[in-house]
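Trainee: Got a structure for you, questions after.
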Amino acid sequence: MFRKILIANRGEIACRVIRTARSMGIATVAVYSDADAQARHVAMADSAIRIGPAPVSESYLRADTIIEAARASGAEAVHPGYGFLSENAEFAEALAAAGLVFIGPPASAIRAMGLKGAAKALMESAKVPVVPGYHGDNQDADFLLGQAEAIGWPVLIKAVAGGGGKGMRRVDKAADFAAALAGAQREGAGSFGNPKVLLEKYLVKPRHIEIQVFADSHGNAVHLFERDCSVQRRHQKVLEEAPAPDMPPAMRQAMGKAAVEAAKAIGYVGAGTVEFIADVADGLRPDRFYFMEMNTRLQVEHPVTEMITGQDLVAWQLRVAAGEPLPLQQSDLHIQGHAIEARIYAEDPAKGFLPSIGKLHQLRAPAEGPHVRVDTGVREGDSVTPFYDPMIAKLIVWDADRAAALRQLRRALGNYRIAGVATNIGFLLALAGHEAFAAADLDTGFIERFRADLLPDRKPADDQVIALAALGVVLQRRQAATDTARNSADRYSPWASADGWRLNDTGFDELHFKDGEDDRICRVDYLAGGAIRIHGQAGAIEARGALTDGSLDAVLNGQRSHAGLVRQGNDLTILCPGASHRLLLVAPRDAGDEDVGTGGALAAPMPGKIVQVLVAEGAAVAKGQALMVLEAMKMEHTIAAPAAGKVSKLHYAAGDQVVEGATLLAIETGE
Ligand code: MV4
């Protein structure tokens with residue numbers, strides 16, 4: 001076995017590989033870009049080497065720099081993770097030339113699967129089922145039209161070098177064929193430098209089912225069953241599960257056998273995934289699956305396979321790369337229970353799933369155990385940057401059957417608490433709670449079909465949420481007042497009280513929140529024993545509780561309630577199970593906050609990057625004067641002074657990324 005390996009990747013997969021290597025007594029070397037110097041994978045590894053600036057083209061894609069780092073570190077092998085250089089045949093060859101082992105398949109196997117048409121021809125001769133169609137060399141438009149007529153409409157035109165749905169055109173009738181062909185060829189040439197296309201019968205109701213395969217360098221090959229990844233959004237997987245719901249055993253056996261044949265046909269070694277498309281117009285049937293492509297790497301969703309087989313696929317990769325035989329034979333492998341993976345992303349479903357850049361001010365994951373696994377590359381306080389994939393974590397759940405696993409998924413998603421960036425957790429909860437998903441009515445059109453159910457309108461904060469926010473603000477003020485009193489001579493001074501106190505009387509206050517466009521102004525009464533009464537839209541709520549480390553334990557009208565509470569300036573995030581609310585506290589009477597004062601705080605109207613700061617702290621400014629320039633959605637927005645006054649605080653500098661609603665600066669208007 002290797003003594004030391006280098007991991008040529010970042011994020012959760014680098015952490016994942018390091019975990020197994022460590023358990024096997026193998027030393028690990030991380031690589032990092034300037035944006036990742038403090039990243040979790042760097043902290044986890046035994047040592048780490050800088051490979052360049054933040055952009056991937058100058059760091060994680062630099063084969064030469066990474067090979068040099070591997071040589072300098074004394075590593076014997078390189079694990080590429082997924083993405084980046086993982087399916088780069090030249091990288092695999094360059095490593096071998098440098099005397100290093102590539103923990104992946106032979107370069108020849110990567111190349112064999114690189115072009116769709118050639119891979120399809122290869123699979124056909126290996127007796128692996130392929131979608132009926134034409135994948136020959138003749139690219140003459142009239143000839144192809146004739147082929148399309150023979151296949152029967154609808155037909156799908158695919159660029160042979162395409163991927164991720166690019167260079168694909170569905171054609172329903174002969175009259176549309178020529179224009180669609182030209183479009184697919186243009187896209188193939190433009191995006192992949194190859195105008196060649198193939199034709200396929202268009203499957204109207206497809207499911208994406210893939211088989212995990214493993215081969216060693218001694219001629220052994222096995223499969224580790226299937227994963228169903230039909231729930232996708234624009235060719236990005238959202239939920240993945242194993243085994244595939246309702247898969248007949250005969251179909252599982254046929255697909256597994258076909259996948260192993262595919263691997264053997266190209267002399268495969270290591271972990272691979274053979275992707276099939278299953279035509280489910282008449283349900284899952286053993287004769288209705290077709291080879292799509294083979295991914296010659298470990299995949300993002302490999303944990304669901306690990307959960308149902310009890311195997312560690314990274315350990316298998318390391319053993320195979322070191323020349324050992326496969327740890328198990330086919331007859332030793334069995335499916336136990338059901339696993340589902342949800343990809344948790346920093347993205348905003350309400351804004352077309354735009355990546356949400358910013359700092360993870362709060363990041364609390366559900367507790368891990370036999371039923372819950374979390375693979376992540378970030379910690380609380382880390383940032384989601386625009387340089388890399390905005391995935392926060394993979395949440396993987398397991399239970400004895402699919403219904404139980406789905407309950408685990410809903411519970412675990414509900415226990416996530418993330419503040420600082422928008423996330424897709426609400427969307428994932430809607431998916432996990434959807435009756436069609438529970439009924440496994442799956443195909444690749446699932447998300448589009450149930451779009452209206454999955455992307456509900458933003459829910460306004462109800463009285464409970466406003467009560468939690470008000471309680472949080474009051475508890476924070478008390479904490480600040482206690483801290484002030486502790487540092488002052490007269491610790492019992494009534495002036496240190498944060499409540500709107502009156503002697504021999506309970507005080508009251510008014511809190512003004514902005515919930516999107518809505519103003520929520522509520523009276524707060526201070527009651528005996530630290531409780532408060534909040535006057536909401538539907539009535540009064542009596543609240544008390546404690547705030548510790550961003551966690552609010554509250555009792556609202558006698559009912560216990562838990563929420564996360566994150567405050568950045570006047571920007572409040574209340575994280576309730578399954579839903580999060582952003583509220584802006586408007587001009588509060590708030591002794592604890594230096595950025596409020598008698599003036600106002602200016603919030604970022606949308607997430608973006610500060611490109612210019614036009615004033616200094618302490619500067620006197622006129623009403624309407626430009627203060628900062630924010631670049632967002634490819635446009636520049638000028639932040640102007642709402643009134644004349646003094647800049648009392650600058651919270652950001654040029655180059656900083658800001659989240660929507662972030663307090664950019666504070667102005668004292670000096671009333
Ligand atoms: C298809 C298809 C229907 N019929 N091929 C999309 C990406 C590429 N890997 C294969 N894709 C498809 N090929 C035929 N003959 C429908 C898709 C497809 C799809 C496949 C898998 C997962 C999600 C998908 C979403 C849209 C279309």
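Trainee: Simple spin-label model, 7 Å along Cα-to-Cβ: residue 141 to residue 23 in nm?
Mentor: According to this spin-label approximation, the distance is 5.8 nm.
Trainee: Please calculate how many Å² of accessible area the stretch 1-103 carries per residue, with a 1.4 Å probe and no DNA, RNA or ligand atoms counted.
Mentor: 38
Trainee: Related question: Jot down the per residue volume, in cubic angstrom and as a whole number, of the convex hull over the alpha-carbon atoms of the stretch 15-85.
Mentor: Looking at the stretch 15-85, the number lands at 80 Å³ per residue.
Trainee: In terms of modelled amide H atoms, which long-range or inter-chain residues lie less than 5 Å from the amide H of residue 49?
Mentor: Here the answer is 30, 31, 32, since their amide H atoms fall under 5 Å of that of residue 49.
Trainee: Let me ask you something else. When the Cα atoms of the stretch 244-395 are enclosed in a convex hull and the volume is divided per residue, what value in Å³ results?
Mentor: 173
Trainee: Could you sort 103-109, 512-518, 560-566 so that the peptide with the highest average Cβ count within 10 Å comes first and the rest follow in order?
Mentor: 103-109, 560-566, 512-518
Trainee: To the nearest 20 debye, what is the magnitude of the charge dipole of the stretch 295-433 about its Cα centre, counting +1 on the Cβ of each Lys and Arg and -1 on the Cβ of each Asp and Glu?
Mentor: 440
Trainee: Ok, one more. How big is Rg to Rh over the stretch 134-189, alpha-carbon atoms, Rh as the Kirkwood inverse-mean-distance radius?
Mentor: With Rg and the Kirkwood Rh in hand, the quotient comes to 0.92.
Trainee: Mind listing the phi-derived Karplus ³J(HN,Hα) values for the stretch 235-252, rounded to whole Hz, using 6.51, -1.76 and 1.60 with θ = phi - 60°, and x for any glycine or proline?
Mentor: Once rounded to whole Hz, the list reads 6, 10, 5, 10, 10, 9, 9, 8, x, 5, x, 6, 6, x, x, 5, 6, 4.
Trainee: What does the charge count around residue 460 come to, taking other residues whose C-beta lies under 11 Å from its C-beta (Lys +1, Arg +1, Asp -1, Glu -1)?
Mentor: -3
Trainee: How big, in percent, is the set of alpha carbon pairs in the chain lying more than 51 Å apart?
Mentor: When all Cα pairs of the chain are counted, 21 percent exceed 51 Å.
Trainee: Which shape class applies to the stretch 184-243: rounded if a/c is under 1.5, otherwise prolate when a/b exceeds b/c and oblate if not, where a ≥ b ≥ c are the square roots of the Cα gyration tensor eigenvalues?
Mentor: Because a/c hits 1.5 or more and a/b fails to exceed b/c, the stretch 184-243 counts as oblate.
Trainee: Check residue 382: other-chain or 5+ apart residues with amide H under 5 Å from its amide H, H built from backbone geometry?
Mentor: 360
Trainee: Any chance you could give the angle, 0 to 90 degrees and rounded to 10, that helix 402-414 forms with the longest Cα principal axis of the chain?
Mentor: For 402-414 against the chain, the angle is about 40 degrees.
Trainee: Given a 1.4 Å probe, how much area per residue of the stretch 344-465 is accessible, in Å²?
Mentor: For the stretch 344-465, the per-residue accessible area is 42 Å².
Trainee: Right, next: In nanometres, what is the gap between the two model label sites at residue 606 and residue 538, each 7 Å from Cα along Cα-to-Cβ?
Mentor: In this crude spin-label approximation the distance works out to 3.4 nm.
Trainee: Between residue 257 and residue 46, what is the label-to-label distance in nm when each label sits 7 Å out along the Cα-to-Cβ direction?
Mentor: My value for the distance between the label points is 4.5 nm.
Trainee: Roughly how many percent of the accessible protein surface of the chain is carbon and sulfur, given a 1.4 Å probe and a whole-percent answer?
Mentor: Within the chain, the accessible surface is 50 percent carbon and sulfur.
Trainee: If you place +1 on the Cβ of every Lys and Arg and -1 on the Cβ of every Asp and Glu, how big does the dipole about the Cα centre of the chain come out, in debye to the nearest 20?
Mentor: Dipole magnitude for the chain comes out near 480 debye.
Trainee: Taking θ as phi - 60°, what are the ³J(HN,Hα) couplings along the stretch 663-669 by the Karplus curve (6.51, -1.76, 1.60), each to the nearest whole Hz, with x for Gly and Pro?
Mentor: Along the stretch 663-669, the couplings run 6, 7, 7, 10, 10, 9, 8 Hz.
Trainee: Report, please, the projected area of the stretch 82-180 averaged over directions, based on the convex hull of its C-alpha atoms, in nm².
Mentor: 8.0
Trainee: In square nanometres, what is one fourth of the surface area of the convex hull spanned by the alpha carbons of the stretch 342-411?
Mentor: 5.4
Trainee: Give me log10 I(q)/I(0) at q = 0.27, 0.32 Å⁻¹ for the stretch 377-429, Debye formula, one equal scatterer per alpha-carbon, no solvent.
Mentor: For the stretch 377-429 at q = 0.27, 0.32 Å⁻¹, log10 I(q)/I(0) is -1.15, -1.38.
Trainee: For a 32 Å ceiling on Cα separation, which of these pairs sit above it: 205/609; 459/646; 173/257; 196/264; 127/166; 173/351?
Mentor: 205/609; 459/646; 173/257; 173/351
The values are calculated or read from the model by the stated rules, or taken from the named source; none is laboratory data. The model shown is predicted, which means the values in this text are computed figures rather than measured ones. As a convention, Cβ positions derive from the backbone with ideal geometry for all residues, glycine included, and neighbour counts pool all protein chains shown. Ligands, DNA and RNA are stripped out before the accessible areas are found, and what is left, the full protein with its side chains, is counted by its heavy atoms. Shrake-Rupley method; radii C 1.70, N 1.55, O 1.52, S 1.80 Å.
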